[in-house]
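One structure is given here, and the rest of the page talks about it.
The values are calculated or read from the model by the stated rules, or taken from the named source; none is laboratory data. Model, not experiment: these values are computed from the prediction. Note that each Cβ is placed from the backbone with ideal geometry, even for glycine, and that neighbours are counted across all protein chains shown. All accessible areas refer to the heavy atoms of the entire protein, side chains included, with ligands and DNA or RNA removed. Shrake-Rupley method; radii C 1.70, N 1.55, O 1.52, S 1.80 Å.
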Amino acid sequence: MKVMNEETFGPLAALTKFKTEDEVIQRANNVDVGLASYVITNDLSRTHRVTEKLDFGMVAINTGVISDPAAPFGGVKNSGMGREGSKYGMDDYLVLKTVVIGNINTEHKL
């Protein structure tokens with residue numbers, strides 16, 4: 001199905017059967033895009049295992065609502081680099097610099 005290989009925007013729920021977690025994770029990650037993925041489960045352990053292995057910028061668990069102004073928004077692969085919103089939205093515009101200084105007299109007089 002085309003929907004299994006493309007990033008479709010709109011109200012669409014693509015469902016597929018699978019036998020193992022590894023099988024469905026491999027299928028999900030085997031695409032060139034990676035904005036968001038959605039997982040429905042009542043198993044908290046599965047939530048942690050699957051979200052760690054999914055190669056997507058955002059993962060929603062048991063909900064279709066994934067956007068929030070306080071949460072970073074963005075994808076990976078051909079879905080973009082970096083994040084918008086939240087405190088992480090500025091990271092792409094910042095350059096970190098480390099400055100190390102040696103041989104400085106640090107004698108303090110009281």
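When the expected Rg is taken as 2.2 N^0.38 Å, what fraction or multiple of it is the alpha-carbon Rg of the chain?
1.58
Volume per residue of the convex hull around the Cα atoms, evaluated for the stretch 27-70, comes out as 85 Å³.
Could you work out the helix-only [θ] at 222 nm for the chain, with each DSSP H run of four or more residues adding -39,500 (n - 2.57) and the total divided by the number of residues, to the nearest 500 deg cm²/dmol?
Values: 2 runs with 19 residues, N = 110.
That comes out to -5000 deg cm²/dmol.
Quick check: net charge around residue 26, other residues with Cβ under 11 Å of its Cβ, Lys/Arg +1 and Asp/Glu -1? After counting each charged neighbour, the total is -2. For the Cα trace of the stretch 1-61, dividing Rg by the Kirkwood Rh returns an Rg/Rh value of 0.92. Rounded to the nearest 20, the Cβ-based charge dipole of the chain about its Cα centre (Lys and Arg +1, Asp and Glu -1) stands at 120 debye. In the chain, taking the dipole from charged Cβ atoms about the Cα centre, the farthest positive-side position among 29, 81, 10 is held by 29. Compared with the dominant Cα axis of the chain, that is its longest principal axis, helix 44-53 is turned about 70°. Using a simple spin-label model with pseudo-atoms 7 Å out from Cα toward Cβ, residue 5 and residue 92 lie 2.8 nm apart.
Can you give me the % of accessible surface on the chain that is carbon or sulfur? Probe 1.4 Å, all protein chains present, nothing else counted.
Values: 5050 of 9130 Å².
Here carbon and sulfur together make up 55 percent of the probe-accessible area.
If you take all other residues with their beta carbon under 15 Å from the beta carbon of residue 72, and give Lys and Arg +1 and Asp and Glu -1, the sum is -2.
With the alpha-carbon atoms of the stretch 60-110 aligned to their principal axes, the span from lowest to highest coordinate is 62, 28, 17 Å, starting with the largest. Summarising the label geometry, the points placed 7 Å from Cα in the beta-carbon direction at residue 70 and residue 27 lie 3.5 nm from one another. Straight-line cross-link partners of residue 77 among the lysines, defined as a Cα under 29 Å from its Cα and at least 8 positions apart when in the same chain: 2, 17, 19, 53, 87, 97.
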